[in-house]
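The values are calculated or read from the model by the stated rules, or taken from the named source; none is laboratory data. Predicted model, so just to flag it, every value in this text is computed and none were measured. When we count neighbours, we look across all protein chains shown, and the Cβ atoms used for this are built from the backbone with ideal geometry, even at glycine.
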Amino acid sequence: MPKGDRLSYFTRNALIATLPGNDRLPGLDATRLHEFLKDFGREASPLLRLGLWASVVLYHFGPLLTVYLPVPALLLPQRLRERHLEKLCAHPWYAVRSLAFNLKMIAGLCWGRDTAVRACFRMPPLPPDPGTLRRP
């Protein structure tokens, strides 16, 4: 596994758990998440990338705070993972809630730009990226 993919595996897992699909709408796993994460890593500000990293760490190591189990979220069954995410989003500590929101926001950015998702809402696909936000 290439070096950059080790972190993106955990990132993808956390983001996909945030926006699962159902019978009417595709989930984040049906989008081009890997491509989005490459673009995000290249174009997002360092502070936003740090926020994503912190959100992923909190998601994976937070079950001790939420469902009181000392295991990473990756190993939780689906129902406990959902409960874990719900409790993160409603946690009494503002920092925890804001990191959970950050995870949901970044997942939503990827999900909302997907062509299949936009078609479910009868919205046209987004135009190609003009390439105006590039860092040297």
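Do we find a residue being surrounded by 13 or more Cβ atoms within 10 Å (Cβ to Cβ), free of Cβ contacts under 8 Å to residues at least 12 places away in the same chain and within 25 Å of Ala119 (Cβ to Cβ) anywhere in region 71-79? Checked region 71-79: no residue is surrounded by 13 or more Cβ atoms within 10 Å (Cβ to Cβ), free of Cβ contacts under 8 Å to residues at least 12 places away in the same chain and within 25 Å of Ala119 (Cβ to Cβ). Only a single criterion out of (1) surrounded by 17 or more Cβ atoms within 10 Å (Cβ to Cβ); (2) within 15 Å of Asn13 (Cα to Cα); (3) within 12 Å of the chain's Cα centre (by Cα) is not satisfied by Asp29, namely (1). The number of residues in region 15-27 that are assigned to a helix (DSSP H, G or I) and in contact with a Gly (Cβ under 8 Å, 6 or more places away or on another chain) comes to 1. For first residues located in region 109-136 and more than 27 Å from Pro46 (Cβ to Cβ) and outside any helix (DSSP H, G or I), partners that are at pLDDT below 95 and β-branched (Val, Ile, Thr) and lie 6+ apart or on another chain with Cβ distances below 7 Å form the pairs Pro125/Thr115.
Being part of a helix (DSSP H, G or I), under 13 Å from the mean Cα position of the chain (by Cα), over 13 Å from Ala107 (Cα atoms) and not small (Gly, Ala, Ser): is that true of His34 here? Criteria not met by His34.
For region 84-100, what are the residues that are part of a helix (DSSP H, G or I), of a type outside the set (A, V, I, L, M) and touching a helix residue (DSSP H, G or I) at 6+ places or on another chain (Cβ under 7 Å)?
His84, Lys87, Cys89, Arg97
Put simply, of Ser55, Ser98 the only residue that is of a type in the set (Ser, Thr, Tyr), at pLDDT 95 or above, more than 24 Å from Cys120 (Cα to Cα) and buried (at least 18 other Cβ atoms within 10 Å of the Cβ) is Ser55.
Among the residues of region 103-121, the ones that are farther than 18 Å from Asn22 by Cβ and surrounded by fewer than 18 Cβ atoms within 10 Å (Cβ to Cβ) come to 4 in all.
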